[in-house]
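Okay, structure first, notes after.
The values are calculated or read from the model by the stated rules, or taken from the named source; none is laboratory data. Because the structure is predicted, anything quoted here is derived from the model rather than measured. With ideal geometry, Cβ positions are generated from the backbone for all residues, glycine too; neighbour counts draw on all protein chains shown.
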Amino acid sequence: MARYGSSPIFRSLYTSFFKKESRYFTVIVLGGFAFSLTFNKTFDKYWDATHPTQWKDVKHRFIKDE
């Protein structure tokens with residue numbers, strides 16, 4: 001029975017990203033940042049497609065430039 005992490009893929013991932021705490025922290029922070037950007041852009045595109053009247057479309061009616 002093979003133990004968990006005995007494959008070369010798991011070993012290379014472990015030694016590349018998770019063995020040192022500084023690399024692990026960097027991977028977590030960059031992963032969170034990338035996820036946040038991707039999620040926000042995707043949700044903004046979805047919102048623009050499904051909600052036709054938005055503030056950016058009617059702003060000129062309420063705010064007059066002087």
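Side notes on the structure shown:
- For region 17-54, residues that are in a helix (DSSP H, G or I) and either under 10 Å from the mean Cα position of the chain (by Cα) or hydroxyl-bearing (Ser, Thr, Tyr) (or both) total 18.
- Among the conditions (1) surrounded by 10 or more Cβ atoms within 10 Å (Cβ to Cβ); (2) at pLDDT below 85, the only one that Met1 does not satisfy is (1).
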